[in-house]
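Report on the following structure.
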Amino acid sequence: MTTSPGLLQIIIAMVAERIGHAMEADDLFIDYGIGSSDAVALAGALEARLGVALPSTVLYDHPTPRALAGHLAGGANAREQRPAAGVHDPVAIVGIGCRLPGASGPRQLWHLLTDGVDAIGPVPGERAVRHPGWAEPGVGTGGFLADVDAFDPEFFAISAREAAAMDPQQRMLLEVAHEAFQDAGVRQADLGGSPTGVFVGISSSDFAVRALSGGAEPDGYTPTGVAHSVGANRISYVFDLHGPSMSIDTACSSSLVATHHAVTALRTGQCDLALAGGVNAVLSPDIALCFRTAGILAPDGRCKSFAAHADGMCRSEGAVMVILKRLSDALAGDDRIYAVIRGGAVNSDGRTNGLMSPSAPSQVRLLRAACAAAGVRPAEISYVEAHGSGTRLGDLMELRALSEVLGEGRAEPLRIGSAKSNLGHLEAAAGAAGLAKLALALFHRTLPRSLHARERAEEFDWDRGNLLVQTETEPWEGRLAGVSSFGFGGTNAHLILEAAPSREPVPARPGRHYLPLSAHTPAALRELAGRWRNALDDPDLATGEPLAAAVHTAGARRDHHACRFLVSGADAAELRRELDRAMVDLLAVPPAGARGGALALFFADTPELQPAVTGELLRAGIRPDLVIGHGRGEIAAALYRGALTRAGAEQVAAHHARALAALPYGHAVRVRLERRLAEALCRRVDPGVALAATEDPHTSLIVGPPAAAGRLTAALEGSQVRFSAAGPVAQRHGKPAVSAAAELKRALRGLETNVGEVAQVSTVTGEPVDGREQDPRYWAAHLAGPSLLAEALDHALRRGVTTFVEIGSDHLAPRLRAVAGERQAHVVRCATPDHLPGALARLYELGYDPGWAALNPPARPTSIPLLPWSRQWSAYPTEVPA
């Protein structure tokens, strides 16, 4: 850079006069003790000497005499950043997760912002007693979480010992990441192995300092527990994500820089889905004490962004994560889109008037580069969610840069605000908090008010600068806005957002709503039920499209956990009533946890083919692993599996009914004998009796004419075999049965059969049957032979079937219990279409998910109650002493 020797000497002389000794041309002003007050005074003196208007921060903008002289002489500006070619694809924000002072989740955050809540307060008591430094002014007041150590390790399959060695920042990141996925309608079940990227801003090392200097025994989990890199890597590990995974530390700009990298990774195809954000935990007062000594900590613990009485920042903690997709993918997936990231930029201040000194010229370059990357004109931007740390010098520099780039050429002042006025300075998570606020503002078309700034900074000419602090919550029709975040080491980031593209609403179709609720523990399920009860009382959710979107999100766009139940209703009122009933049941009988297993349809012995019931089950997405038919139900089972055509099944049913009606009825005797012994008993007592059915492995049904049945009971009198009369039963043996079977076989000549799409276990053989074998000979054997129901049920159980859906009413439950013994087995009855809601509810409780898209018509995801955590675990018994 060339400079005017005269200007350079004037500057050096003025500085020497001010500080009492000379300085070199390339020395930093701050190295000679020139703080903010001296810098402002020198700027004023230089302005008077040269007769040109200079900003009060000019010595910070150009931090050496040579740099300042070059600027005053009109030296060349630093090179502007240019976006890479071919990376202009917009990126959609489709999910937000947050754990912040006063707000857990985007809905609570939005209410906090629009209600103008000041979330700043005293440090929690358990922390306050650990270190006397918390009592210092401004140190013990900030944006603190009451439960910063809280965690649910079992949900993430993390041992208690490893959890205790993990930085609370890692714990928060895992939970908030999962909540962000929930909000986006992205199921964990669909994430495993996917090219999803994770980009985390993290910089606080309070936990690492405490863990490594506390004198505790070395722990194998400590290295990963305190490593910043693992903040991102652990998320990728737990969720099995295979995209880029990186933690980024640029101090206060970390999370916005991380988001910028995520956007780049999506645009360049490195990942198809990205999780970006940041985290901060304030576990020690030490850094705040340093900030207090440096004069940048507000004594009252408030960030008074751009206010006349701005006197420093306050520290806060929490985590914010957003889910990002390429806009085209989000539209194709019919996702709910909060806002769209058009582009952004990241730069460095370079050599400023001290490592921690901000630079307005760098911010100017940053804003111009971001506008260029986003392809927008500065005047199109109607609001900026500013960094707004509340330090006097930092605010002035930011105002200057905003005014120079975005304040010119616009009819209305540029509106600005900062979430730090509500939440405090979240440091590594601050940029993500501002990003979440701006995305919500664009989504809701409302600008929340910025606090503590009704009296604006006096050093800035607001009218000339064409800026306005947003001090009221107001409707907003803006389409473009920006968000800034600056690190104290000089790394700056700015992203430009656009309102989501307008789309046609998804009309709600009339019909029954199915609302599933699930959690990983009974306690969490009870809490979730309570949250839903409150949600259904909200008139904004309880009607039309919002209700349809809510139940769709709960079914199709959320993970389904082991403790679960399902309620259904025509409207919100009926859902609330069913939910109240279910909540009482939860208190009385805690859920045991769904296990799933293979599923069988059991067709009872009825003349109907049951197409209405099975059709409804199919439409609801219930797909069995095999089918069993008892008696005439075997025909319905063959039809269902596709072994028989509809016409063929009707033909078999009609001829089978006529043949069965021709058989004589005899007396039946139930004996406590297994099949082999029962058959031997028949042969020994009287050839007129025969085995009719096996009901369980130790119970058989024997039938015969009255005289023969009488001889059987007489033979059993006084024996050790238990027996009882069982009423009249068709005699499927003897000459009449043989004749009827032959006639049936002739009547069914030419019957069409097929392999079948579902396995069937036959009650003729007790074994699986190929559909092609269900020909006329099969149905003849079915008519004139015993029903081996016990063998068929036992075979199904051995194949892993744990649940039988009973079509019709045949009293399957007691027979199945007898066959199952100690094995797990459940019966769900669905005799008519009216039983479908109850059957689906029971199946869901047992671990069988229906086809949610069929039950609840498709809709865009919406915000519904989040999964409650079960935080019974505590870090304190095993954590390193402070």
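Does segment 584-603 include one or more residues that are without any contact (Cβ under 8 Å) to a residue 60 or more places away in the chain and buried (at least 22 other Cβ atoms within 10 Å of the Cβ)?
Within segment 584-603, not a single residue is without any contact (Cβ under 8 Å) to a residue 60 or more places away in the chain and buried (at least 22 other Cβ atoms within 10 Å of the Cβ).
Of all residues being over 12 Å from L59 (Cα atoms) and modelled with pLDDT under 85 in segment 28-49, which is surrounded by the fewest Cβ atoms within 10 Å (Cβ to Cβ)? Just the residue, please.
Here the residue is G33.
Just checking, which of V828, V819 is modelled with pLDDT of 90 or more, in a strand (DSSP E or B), among the β-branched types (V, I, T) and not assigned by TED's automatic domain parsing to the domain that holds A556?
After ruling out the rest, the residue left standing is V828.
Being surrounded by 17 or more Cβ atoms within 10 Å (Cβ to Cβ) and either in a helix (DSSP H, G or I) or outside the structural domain of V584 (by TED's automatic domain parsing) (or both): is that true of L547 here?
yes
Among what's in segment 866-882 and is at pLDDT 95 or above and over 19 Å from D335 (Cβ atoms), pick the residue that is surrounded by the fewest Cβ atoms within 10 Å (Cβ to Cβ).
The residue in question is P868.
In segment 294-309, how many residues are of a type in the set (A, V, I, L, M, F, W, C) and within 29 Å of M172 (Cβ to Cβ)?
Number of matching residues: 5.
Looking at (1) more than 26 Å from the chain's Cα centre (by Cα); (2) buried (at least 24 other Cβ atoms within 10 Å of the Cβ), can you tell me which one A441 breaks?
Failed condition: (1).
Could you tell me which of the residues V827, V805 is closer than 17 Å to Y848 by Cβ and surrounded by fewer than 21 Cβ atoms within 10 Å (Cβ to Cβ)?
So the residue among V827, V805 that is closer than 17 Å to Y848 by Cβ and surrounded by fewer than 21 Cβ atoms within 10 Å (Cβ to Cβ) is V827.
Name the residue that is surrounded by the fewest Cβ atoms within 10 Å (Cβ to Cβ), counting only residues in segment 111-133 that are assigned to a helix (DSSP H, G or I) and not small (G, A, S).
Top of the filtered list is P132.
Specify the residue that is surrounded by the fewest Cβ atoms within 10 Å (Cβ to Cβ); the eligible residues are those in segment 688-737 that are of a type in the set (K, R) and within 60 Å of the chain's Cα centre (by Cα).
The residue in question is R722.
Just the residues that are closer than 20 Å to L867 by Cβ and among the acidic types (D, E), please, taken from segment 538-552.
Once the filter is applied, which keeps residues that are closer than 20 Å to L867 by Cβ and among the acidic types (D, E), segment 538-552 yields only D538.
Determine if segment 589-610 includes at least one residue that is more than 24 Å from L789 (Cβ to Cβ), modelled with pLDDT of 95 or more and in the same structural domain as A693 (by TED's automatic domain parsing).
Checked against the condition, which is being more than 24 Å from L789 (Cβ to Cβ), modelled with pLDDT of 95 or more and in the same structural domain as A693 (by TED's automatic domain parsing), segment 589-610 yields no hits at all.
Out of all the residues in segment 180-194, is one or more within 24 Å of A554 (Cα to Cα), in a loop (DSSP other than H, G, I, E, B), β-branched (V, I, T) and touching a residue at least 40 places away in the same chain (Cβ under 8 Å)?
Checking segment 180-194: at least one residue is within 24 Å of A554 (Cα to Cα), in a loop (DSSP other than H, G, I, E, B), β-branched (V, I, T) and touching a residue at least 40 places away in the same chain (Cβ under 8 Å).
Hey, L528 hits all of (1) on the phi > 0 side of the Ramachandran plot; (2) in a helix (DSSP H, G or I) but one; which does it fall short on?
Condition not satisfied by L528: (1).
May I ask you to list pairs of residues, at least six apart or on different chains, whose Cβ atoms are under 9 Å apart, with the first in segment 301-321 being farther than 16 Å from R392 by Cα and modelled with pLDDT of 95 or more and the second being part of a loop (DSSP other than H, G, I, E, B) and of a type in the set (V, I, T)?
Listed pairs, sorted by first residue: R315/V139; R315/V282; S316/I120; S316/V282; E317/V148; E317/V282; G318/V148.
Test G478 against the stated conditions and say whether it is assigned by TED's automatic domain parsing to the domain that holds K420, in contact with a strand residue (DSSP E or B) (Cβ under 6 Å, 6 or more places away or on another chain), of a type outside the set (S, T, Y) and modelled with pLDDT under 95.
Yes; evaluated as a whole, the condition is true for this residue.
For segment 397-409, does any single residue satisfy the condition of being out of contact with any helix residue (DSSP H, G or I) (no Cβ under 8 Å at 6 or more places or on another chain), touching a residue at least 12 places away in the same chain (Cβ under 8 Å) and either within 17 Å of D61 (Cα to Cα) or assigned by TED's automatic domain parsing to the domain that holds T446 (or both)?
no
Where residues in segment 448-502 are among the hydroxyl-bearing types (S, T, Y) and not in a strand (DSSP E or B), which of them is surrounded by the fewest Cβ atoms within 10 Å (Cβ to Cβ)?
Among those residues, the one meeting the criterion is S502.
Only one of (1) part of a helix (DSSP H, G or I); (2) within 19 Å of the chain's Cα centre (by Cα); (3) in contact (Cβ under 8 Å) with a residue 12 or more places away in the chain fails for I96. Which number is that?
So I96 meets the others, but not (1).
If a residue counts only when it is assigned by TED's automatic domain parsing to the domain that holds R817, without any contact (Cβ under 8 Å) to a residue 60 or more places away in the chain and more than 28 Å from A796 (Cβ to Cβ), which helices (runs of 4 or more DSSP H) contained entirely in segment 629-727 have at least 2 such residues?
646-661, 675-685, 706-716
The values are calculated or read from the model by the stated rules, or taken from the named source; none is laboratory data. Note that this is a predicted model, so its numbers are computed, not measured. Note that each Cβ is placed from the backbone with ideal geometry, even for glycine, and that neighbours are counted across all protein chains shown.
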